[in-house]
Amino acid sequence: MELIISEIAKYILAVLMIDFTILSFVVFRHQDEGAQNRIFIKQNICMVFIHFLSFFVLYAVKKDPKLILYYGISQITTLSVIIFYRLVYKTANRLLVNNMCMLITISFIMLARLSYAKALRQLLVAIASLIVTSTIPFILMKFDNLRRFYYLFAISGILMLTAVLVFSVAINGSKLNITIGGVTFQSSEFVKLLFIFAVSGILSRSNGIKSILITGVIAGIHIILLVLSRDLGSALIFFMVYTVIIYTATGNHLLLFGCLLGGTAAAVTGYKLFSHVRVRVLAFRNPFGTIDNAGYQIAQSLFAIGTGGFFGMGLMQGAPEKIPVVVSDFIFSAIAEEMGVLVAGCIILICMSCFIMFMNIAIKFKDDFYKLVGTGLAVTYIFQVFLTIGGVVKFIPLTGVTLPLISYGGNSIMVTLIMFAIIQGMYVNKDRVSGRGY
């Protein structure tokens with residue numbers, strides 16, 4: 001009976017997910033507020049049924065009463081966010097709210113399937129983060145002096161990364177986290193935001209040669225500290241974000257080419273300096289030839305994705321636990337195996353929909369500071385998605401980066417929710433920020 005339930009559910013889930021995703025793009029064609037509201041309500045209905053049906057399958061197979069409570073709290077959480085933004089921030093971007101809640105819902109579903117303990121922790125962190133970040137649009141409404149503190153942002157970020165380098169304990173050769181008062185932080189996640197605000201603040205005042213050199217030095221220090229900590233995935237994100245921001249601020253093609261050339265040289269140098277980079281490249285080039293060691297993770301990931309097919313094996317019918325660190329780095333593979341390539345593809349498109357809306361909000365600002373901040377947040381988000389999914393499908397070597405809002409990780413989900421809240425704050429206050437808005 002459980003197998004039949006799972007088998008039927010996977011087709012219904014695929015249809016609902018496809019419908020939600022199509023609506024995420026159809027809404028761009030409508031300017032009428034009434035038509036947009038109807039689309040958003042349809043998305044909400046799809047999300048509620050996806051959430052309910054998935055947990056119905058999980059409970060039918062696991063018979064764990066704790067899943068009922070988890071489902072109730074997680075469903076109330078996502079619906080509360082939708083209602084809150086609808087009532088409190090009446091001009092909020094509802095597409096971003098819906099997409100954000102859909103991605104969080106997928107996270108709750110997959111983590112509850114893989115590890116209840118980690119799913120519970122993710123839920124608690126998500127609730128706390130959503131409560132805190134719900135105040136960000138209001139703060140942006142009242143406080144418009146962020147651009148003045150660019151050096152404070154830069155210095156704070158450098159100090160945080162230095163603290164990790166000096167005081168953190170290396171795990172698998174990398175220094176990523178620092179523990180304060182029993183709470184562990186991955187500083188690079190939070191420093192990404194500080195870095196964006198610092199560089200945007202400087203370049204919004206002037207995009208001349210002096211500002212370019214100053215931001216180049218700041219970016220270089222951040223990246224060097226990350227490289228010394230062997231957090232190369234984050235270093236790559238910082239580099240790409242800086243490249244896009246500097247090009248957006250100056251429009252200089254030669255500068256863009258120089259950044260890309262320098263990045264290529266840095267990548268080659270990193271390959272020669274760090275053995276774990278060479279191991280990842282070897283696994284990328286020949287995962288099945290090195291399946292007993294370096295290629296094991298990516299090989300299992302490809303097996304999982306290939307086994308799932310278009311509609312997946314069905315929730316609880318696959319074996320995603322065979323993939324190491326599946327709850328974080330390889331959660332996309334687990335989704336593809338049990339929910340299918342169609343659902344996995346929909347997740348990619350939903351992320352693209354978020355990116356398009358991020359950029360749409362950013363580029364309409366006449367205020368250079370917020371235009372650069374929005375662009376930096378958009379690139380940070382989508383490039384992290386690209387690194388994660390590209391790695392697990394063997395499009396690029398693995399980078400150890402998590403999938404925003406879906407992978408297990410308190411710091412990751414907290415920072416991503418802050419990013420969404422900042423963009424919402426910019427959108428809500430678009431006509432009030434600095435009196436220049438759109």
Inset, instruction - Go through the residues of segment 34-49 one by one and say whether even a single one is aliphatic (A, V, I, L, M) and under 17 Å from residue 317 (Cβ atoms). - result: no
Inset, instruction - Those residues that are crowded, with 22+ Cβ neighbours inside 10 Å, closer than 16 Å to residue 263 by Cβ and either β-branched (Val, Ile, Thr) or modelled with pLDDT of 90 or more (or both), I need them from segment 200-234; list them, please. - result: 215, 219, 222, 223
Inset, instruction - Please give the number of the condition residue 50 fails out of (1) at pLDDT below 90; (2) within 18 Å of residue 71 (Cβ to Cβ). - result: (1)
Legend entry - Those residues of segment 291-336 which are modelled with pLDDT under 85 and within 19 Å of residue 401 (Cα to Cα), in sequence order: 294, 295
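Could you tell me whether any residue of segment 43-66 is on the phi > 0 side of the Ramachandran plot and either in contact with an Asp or Glu (Cβ under 6 Å, 6 or more places away or on another chain) or not in a helix (DSSP H, G or I) (or both)?
From segment 43-66, those on the phi > 0 side of the Ramachandran plot are 63; that's our starting set.
Next, only the ones that are either in contact with an Asp or Glu (Cβ under 6 Å, 6 or more places away or on another chain) or not in a helix (DSSP H, G or I) (or both) stay: 63.
Looking for residues that are on the phi > 0 side of the Ramachandran plot and either in contact with an Asp or Glu (Cβ under 6 Å, 6 or more places away or on another chain) or not in a helix (DSSP H, G or I) (or both), one finds at least one in segment 43-66, hence yes.
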Inset, instruction - Consider residue 324 carefully, then state whether it is out of contact with any Leu (no Cβ under 9 Å at 6 or more places or on another chain), in the same structural domain as residue 17 (by TED's automatic domain parsing) and either surrounded by fewer than 22 Cβ atoms within 10 Å (Cβ to Cβ) or among the hydrophobic types (A, V, I, L, M, F, W, C) (or both). - result: yes
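Restricting the search to segment 66-85, which residues are more than 17 Å from residue 123 (Cα to Cα) and out of contact with any helix residue (DSSP H, G or I) (no Cβ under 7 Å at 6 or more places or on another chain)?
83, 84
Being in a helix (DSSP H, G or I), in contact with a helix residue (DSSP H, G or I) (Cβ under 8 Å, 6 or more places away or on another chain) and either outside the structural domain of residue 55 (by TED's automatic domain parsing) or among the acidic types (Asp, Glu) (or both) narrows it down to one of 261, 256, so name that one.
Working: 261 fails: in contact with a helix residue (DSSP H, G or I) (Cβ under 8 Å, 6 or more places away or on another chain).
It is 256.
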Inset, instruction - Filter segment 1-32 down to residues that are assigned to a helix (DSSP H, G or I), aliphatic (A, V, I, L, M) and farther than 15 Å from residue 47 by Cβ, then give me how many there are. - result: 6
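The values are calculated or read from the model by the stated rules, or taken from the named source; none is laboratory data. Please read all numbers here as calculations on a predicted model, not as lab measurements. Virtual Cβ from ideal backbone geometry, glycine too; neighbours counted across all protein chains shown.
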